[in-house]
Amino acid sequence: MLLSTTIDGLFLREMRMDDFAGFSAWQHDPEIARCFAFTRTPRTPDETRRVLAEIVGGAHPESVHLAIVLTEPKTRGESFVGVVSLKNRHSIDLHAEFAIVIGARAHMGKGYGKAAARRMCLYGFEALCLRKIYLNVIADNVRAVRLYEELGFRFEGKFREHFFRDGVWNDLLWYSVFPSELR
């Protein structure tokens with residue numbers, strides 16, 4: 001599967017084992033990792049390799065994890081930008097949980113996250129026939145909150161002091177979007 005985005009050369013494709021370096025690097029970057037609950041305890045390289053192998057091997061058919069890649073016109077290679085996911089897809093209720101990470105600071109602030117997020121949501125609504133996509137975000141992740149709201153996600157609620165990080169309790173915010181709301 002290869003999904004194009006609105007940015008020339010930016011694509012979503014299936015994860016591969018040779019994505020390991022990009023997939024693992026951001027998990028050990030404190031500025032990026034602090035935005036996610038599952039990176040509070042660093043994974044060993046073997047744990048990260050096992051998780052990637054599960055994704056590549058299709059161990060979780062209710063989830064879709066795609067690599068965000070940028071093609072290199074001069075070399076015809078590609079740069080690993082991040083991962084975008086629709087997890088825990090429910091076949092009766094027709095919803096799934098959205099997640100995204102831009103895995104290197106050099107790729108941040110260029111619109112890649114917005115383009116990849118929008119394309120993944122379209123894929124969820126059109127190809128997977130979802131009627132709702134939801135997500136949660138740590139309240140102090142202002143950059144992510146702004147992105148989700150720009151895409152049309154609407155605030156649904158707050159889990160107060162739900163997330164413990166760096167000796168402080170943080171709120172967890174919940175958002176969702178329906179097909180007619182996606183911008």
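The values are calculated or read from the model by the stated rules, or taken from the named source; none is laboratory data. Here the structure is a predicted model, which means the values were calculated and not measured. Because the Cβ atoms are built from the backbone with ideal geometry, glycine has one as well, and the counts that use them run over all protein chains shown. Only protein heavy atoms, including side chains, enter the accessible area calculation; ligands, DNA and RNA are left aside. Shrake-Rupley method; radii C 1.70, N 1.55, O 1.52, S 1.80 Å.
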Here's a check for you: in the range 32-46, which residue that is open to solvent by 60 Å² or more (accessible area, probe 1.4 Å) and under 27 Å from Gly77 (Cα atoms) is modelled with the highest pLDDT? Asp46
In the range 76-183, which strands (runs of 3 or more DSSP E) lie fully inside it and hold 1 or more residues that are touching a helix residue (DSSP H, G or I) at 6+ places or on another chain (Cβ under 7 Å) and of a type in the set (Ser, Thr, Tyr)? 168-177
Would you be able to say whether some residue in the range 113-127 is open to solvent by less than 30 Å² (accessible area, probe 1.4 Å), more than 22 Å from Gly58 (Cα to Cα) and of a type outside the set (Val, Ile, Thr)? yes
How many of the residues in the range 104-140 are at pLDDT below 95 and closer than 11 Å to Gly82 by Cβ? 3
Residue check: is Val84 over 14 Å from the mean Cα position of the chain (by Cα) and open to solvent by less than 30 Å² (accessible area, probe 1.4 Å)? no
Could you grab the pairs with beta carbons closer than 6 Å, sequence gap of 6+ or different chains, first residue in the range 19-40 and β-branched (Val, Ile, Thr), second one surrounded by 13 or more Cβ atoms within 10 Å (Cβ to Cβ) and at pLDDT 75 or above? Ile32/Trp26; Thr39/Gln27
